[in-house]
Amino acid sequence: MLKEDSIIRERLHTIGSSQDRNMNMVRGESRRTFVGVETSAFSGATLLSFLLNAHPRIASIGEMNGLLRKNPEEYVCSCGNLIRQCEFWQAMRGEMAQCGFDFDVANFATKFHLGGPRWIQRLRADSFHNRLLNALRDAALKSLPGERRRFEKLVARNKAFIESVLRLTGKDVFVDTSKDRMRARALKMFSPYDVRAIHLIRDPRGVVASRLQRHGEISGRRAAYEWVWLHKKLQDFPSFLAPARYMQVRYEDLCSEPRAMLHKLYRFCDVDPDFEPPDFKSTTHHIVGNPMRLNGISVIKLDESWRNKLTPEQQKQVWEIAGDFATKYGYSW
Ligand SMILES: [Zn+2]
């Protein structure tokens with residue numbers, strides 16, 4: 001039996017007293033690390049969640065915003081079971097209940113949608129591209145009682161979810177790939193977690209090709225502009241984190257030098273950097289998100305299919321829009 005499976009079964013059958021549980025939460029929370037993978041869709045975040053989840057101290061369920069609009073009755077967990085029949089997700093319901101929260105895979109209810117008029121939503125989420133202004137905005141959000149209550153309520157549910165996953169897996173570093181850019185900031189502001197961010201970057205031509213293939217209604221021009229807009233925003237991410245808590249990783253480097261990159265990523269997550277990842281199929285994963293979660297990972301292969309998917313004209317168009325910015329990350333025409 002795999003170690004993670006046996007831990008989940010043990011948790012299922014030997015859930016301690018509520019007093020022990022509360023003590024564990026108080027003792028454990030201050031040591032927890034939350035790592036947000038900040039990136040665009042189709043940039044390798046699901047691959048990264050599989051790779052990191054193989055480490056004995058790192059847990060990732062992929063996108064903790066959940067299934068979103070997918071049908072939970074048909075949704076398959078990366079372990080191969082329908083998510084409703086997956087033992088891990090069944091155990092999550094019990095763990096969340098012990099923390100005082102209802103939980104159903106149909107709606108994780110963890111997404112940072114705090115509601116209100118559009119201007120306040122933008123004020124919460126957008127960047128002023130200025131460290132001082134961003135810090136003043138965050139201080140204002142913390143001091144307004146109504147805003148503080150909204151954040152604290154959602155942060156409490158997010159914390160219960162993270163604690164539940166960490167207890168079930170016996171790990172202490174949680175990695176989220178939801179692309180919910182407010183989560184890391186909210187946890188930094190309202191939780192005791194050690195919050196870190198991995199900024200994952202992929203060649204814009206690869207991202208645009210995948211978006212066009214999946215969402216044909218978007219134009220290549222628009223997808224390229226959105227790539228630039230998003231990564232400019234993510235470059236501002238360190239404004240609320242110490243420099244050592246922010247790391248940039250290129251998808252292409254992760255695929256071409258996985259051992260070396262994982263060593264750096266493990267070090268960044270403050271776990272044993274010399275851990276030798278096993279064949280990833282030998283680790284049980286319960287990951288939700290991109291459909292590639294179902295392919296299984298035994299060989300890490302760089303996906304450069306954009307070279308064939310995009311016509312030369314499309315490649316040129318993407319590069320005219322995103323090339324200058326992509327060059328900063330080491331990409332070239
Ligand atoms: Zn599963």
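None of the figures in this text is laboratory data; all of them are computed from the coordinates on show. Keep in mind that what you see is a predicted model, and the values were worked out from it rather than measured. Cβ coordinates were reconstructed from backbone atoms using ideal geometry, including for glycine residues, and neighbour counts include every protein chain displayed.
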| Using θ = phi - 60° and Karplus 6.51 cos²θ - 1.76 cosθ + 1.60, couplings along segment 309-320 (whole Hz; Gly, Pro as x) | 6, 9, 6, x, 5, 5, 4, 5, 4, 4, 5, 4
| task | Highest first, please rank the peptides 49-59, 198-208, 317-327 by the mean number of other Cβ atoms sitting within 10 Å of their residues. | result | 198-208, 49-59, 317-327
| field | segment 86-234: relative contact order in percent, alpha carbon pairs under 8 Å with at least 6 residues between | value | 22 percent
| Could you work out the helix-only [θ] at 222 nm for the chain, with each DSSP H run of four or more residues adding -39,500 (n - 2.57) and the total divided by the number of residues, to the nearest 500 deg cm²/dmol? | -15500 deg cm²/dmol
| Mind checking the dipole of the chain: about its Cα centre, +1 per Lys or Arg Cβ, -1 per Asp or Glu Cβ, Debye to the nearest 20? | 1020 debye
| query | Which shape class applies to segment 143-201: rounded if a/c is under 1.5, otherwise prolate when a/b exceeds b/c and oblate if not, where a ≥ b ≥ c are the square roots of the Cα gyration tensor eigenvalues? | reply | oblate
| If segment 228-276 were replaced by its equivalent ellipsoid, with semi-axes equal to the square roots of 5 times the Cα gyration tensor eigenvalues, what would those be, largest first, whole Å? | 23, 16, 5
| task | Apply the Karplus parameterisation 6.51 cos²θ - 1.76 cosθ + 1.60, with θ equal to phi minus 60°, to every residue of segment 256-269 and state each ³J(HN,Hα) to the nearest whole Hz, in sequence, with x for glycine and proline. | result | 8, 9, x, 4, 5, 5, 5, 4, 5, 5, 4, 4, 4, 7
| Whole-Hz couplings from phi, Karplus 6.51/-1.76/1.60, listed for segment 166-178; x for Gly and Pro | 5, 5, 5, 8, x, 10, 9, 10, 10, 10, 10, 10, 5
| request: Determine the shape class of segment 186-282: with a ≥ b ≥ c the square roots of the Cα gyration tensor eigenvalues, call it rounded for a/c under 1.5, and otherwise prolate if a/b is greater than b/c, oblate otherwise. | output: oblate
| Local net charge near R84, Cβ-Cβ under 10 Å (Lys/Arg +1, Asp/Glu -1) | -3
| Highest to lowest packing among 235-244, 162-171, scored as the average C-beta count within 10 Å | 162-171, 235-244
| Ordering of 71-77, 109-115, 60-66 by packing [mean C-beta count within 10 Å, highest first] | 60-66, 109-115, 71-77
| query | Based on the inverse mean of 1/r over its pairs of different Cα atoms, what is the Kirkwood hydrodynamic radius of segment 66-159, in Å? | reply | 15.8 Å
| task | Evaluate the charge dipole of segment 113-221 about its Cα centre and quote only its size in Debye, nearest 20, assuming +1 on the Cβ of each Lys and Arg and -1 on the Cβ of each Asp and Glu. | result | 220 debye
| Estimated Rh, segment 96-244: Kirkwood, alpha-carbon pairs, angstrom | 17.4 Å
| remark: Shape descriptor, segment 169-235: equivalent ellipsoid semi-axes (Cα gyration tensor, sqrt 5λ, whole Å, largest first) stand at 30, 14, 10
| said: Going by amide H atoms built from the backbone, whose H comes under 5 Å of the H on I201, apart from near neighbours? | reply: V249, R250, Y251
| request: Take the cross-link list K142/K233; K188/K233; K264/K309; K111/K232 and give me the ones stretching past 29 Å between alpha-carbons. | output: K264/K309
| note | Length-normalised contact order of the chain, Cα under 8 Å, at least 6 apart, in percent, tallies to 31 percent
| request: Would you work out if the chain is rounded, prolate or oblate? Take a ≥ b ≥ c from the square roots of the eigenvalues of the alpha-carbon gyration tensor; rounded if a/c is under 1.5, else prolate when a/b is larger than b/c, oblate otherwise. | output: oblate
| note | Residues whose built amide H sits under 5 Å from the amide H of G44, excluding neighbours closer than 5 in sequence, are none
